[in-house]
Every structure is written in structure tokens, then in C-alpha cells.
Amino acid sequence: MIINILAAGGTAAAENQFGLQQALKEGGIISQSVFTILVVMSVVSFYILFSKLFEQQKIINQAKRVRSSFWTSNSLREGSAKLEKNSAYKQLVDDGLAAQEQHSKLTDPVEAHDWLHGSLARSEAAINSKLGGGLAFLATVGATSPFIGLFGTVVGIYRALIKIGASGDPSIDKVAGPVGEALIMTALGLVVAVPAVLAYNWLQRRNKSIAEDLSAFSNDVLGFLASNGAVRPSVGTAPKAPVKPAGATTTAGQTGGVQTRP
């Protein structure tokens with residue numbers, strides 16, 4: 001029993017000689033700094049991913065409410081009152097109404113359509129810019145973290161080779177451990193980079209879809225304002241079934257159609 005316990009303790013000690021903790025210890029301040037930078041990059045990347053997903057989903061839900069109830073209102077002000085206070089679509093409507101009021105105060109003649117279109121485009125660009133915030137960091141992490149990990153690997157291998165050369169024992173068991181520990185930094189760099197790149201592409205695609213919806217809504221608001229409410233999107237309604245005359249019967253025609261006979 002005692003021999004087995006000692007053997008198990010010796011095996012655990014041998015296993016603890018290799019791994020991430022040992023690599024950080026052998027790599028010194030440089031490896032520890034590289035590891036810290038990669039961990040911070042990973043944490044911030046996931047924070048941006050989840051916060052942007054929440055922000056995007058909020059606007060997507062707002063779009064559903066706009067399609068269901070906004071255009072049934074009698075005026076844009078009435079429709080704006082139905083939207084959430086910080087809604088992106090409410091911002092577009094309010095900016096359009098403000099631009100309409102400002103146009104009447106202009107001393108230099110400007111086409112109302114051009115003035116309204118410019119104001120709505122500026123509001124739309126501000127919303128898209130806010131949605132894109134933080135994505136540049138994800139792109140930077142995806143592009144640089146593999147090289148940061150590679151830098152840690154190069155420094156780790158350099159230290160390992162110096163240590164092996166000083167010991168004068170170049171056997172494979174003395175080389176494989178330190179070099180393998182140094183390669184952990186490259187693996188960490190890839191672990192950080194791949195989720196960041198995937199998150200960046202996914203968020204960009206969702207932002208593009210949201211931008212298309214905002215652009216369509218902005219165009220509808222512009223048409224409503226430019227026509228004093230005469231032009232508005234049609235609210236989809238289910239088609240009514242045709243009313244069949246009383247006492248009519250149906251027979252199949254020779255061509256397979258349906259005919260009515262009183």
C-alpha cells in the first residue's frame with residue numbers, strides 16, 4: 001500500500017513538470033505577460049459578442065413590432081408614441097419629424113425631399129455606427145492573437161534551448177518537454193483568434209440584415225413625409241375567400257377547373 005502511494009505521488013510529480021503552469025514558470029515574465037494579454041483578449045471578445053447579440057436582438061424585436069402595429073397609426077407622431085423610448089425605429093421617426101419642422105425655418109431654399117433624405121440618412125448612419133462598435137476589436141484580436149502566441153512560443157523555445165545548452169544534455173527527453181511547453185502559447189493564440197473571427201463575421205452579417213431593414217423603414221418614412229401621409233406601406237391582410245352564390249353547386253370542368261352552376 002505504501003509503495004503504491006509513493007508511486008502515485010511520483011507519477012503526479014512527474015506529470016506536474018509539464019503543462020501550462022510549468023510553461024509560464026519557465027518562460028518568465030514574457031510568457032506570463034503573453035498569457036495575460038491573450039486571456040484579456042478572450043474575455044473582452046466574448047463580452048463584445050454577447051453584448052452585441054443582445055443589442056441586435058433588441059432591434060430585431062423592435063422591427064417585428066413596427067411591422068405589426070406602427071403603420072396602422074393615423075400619423076407618424078401617433079406611431080412613434082407606440083414605440084419604445086430608446087428604439088432605433090423611434091429615433092428615425094423623430095429625426096424625420098424634426099427635419100420636417102426644420103425645413104420650414106430654412107432661409108436658403110432647399111428641396112424638402114433632399115433635406116429629409118439627408119436627415120434620415122444621417123440618423124440611420126448613427127444607428128449603424130453604434131451597432132458596429134466593438135467589432136474592430138474582434139477583428140484585431142482575430143488578426144493579432146496568433147502572432148502574440150507565436151511570440152510567446154519563440155521566447156519559450158529560446159529559453160528552453162539556452163537551458164538545454166547550459167546543461168550539456170541534448171537528449172530527446174530533455175528537449176521535448178521545454179519545447180512542447182513553449183508551443184502551448186501558439187495553441188492559446190489560436191484558441192483566442194478563432195472565436196473572435198467567427199464572432200466578427202456573424203455579427204457583421206446580422207448588422208447587414210438590420211441595416212437593410214432600417215434602410216427600408218427610413219425610405220417608408222421619407223415617402224410618408226414627402227406625401228403628407230398619402231404614401232405608406234400596405235399592411236398585409238389575409239385575402240378573403242370568394243363568396244359563393246346561394247344554391248350554387250360545383251362541378252369539375254373538362255379542363256380540371258371548377259365551375260359553378262346555379
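Numbers at a glance
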| quantity | calculated |
| --- | --- |
| C-alpha center-to-center spacing [segment 38-55, segment 70-101] in angstrom | 32 Å |
| Intensity falloff of segment 10-231 expressed as log10 I(q)/I(0), Debye formula with alpha-carbon point scatterers, at q = 0.08, 0.10 Å⁻¹ | -0.51, -0.63 |
| Simple label model, 7 Å out from Cα along Cβ direction - residue 158 to residue 209, nm | 4.7 nm |
| Of 82/130; 58/130; 82/208; 52/208; 130/208; 58/208, pairs whose Cα-Cα distance is over 19 Å | 82/130; 82/208 |
| Cα lying deepest toward the dipole's positive end in segment 10-231, options 202, 143, 228, charges on Cβ | 202 |
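Only the coordinates and a few stated rules stand behind these numbers; no lab work does. Values in this document were obtained by computation on a predicted structure and should not be read as measured data. So basically every Cβ, Gly included, is an ideal-geometry build from the backbone, and we count neighbours across all protein chains shown.
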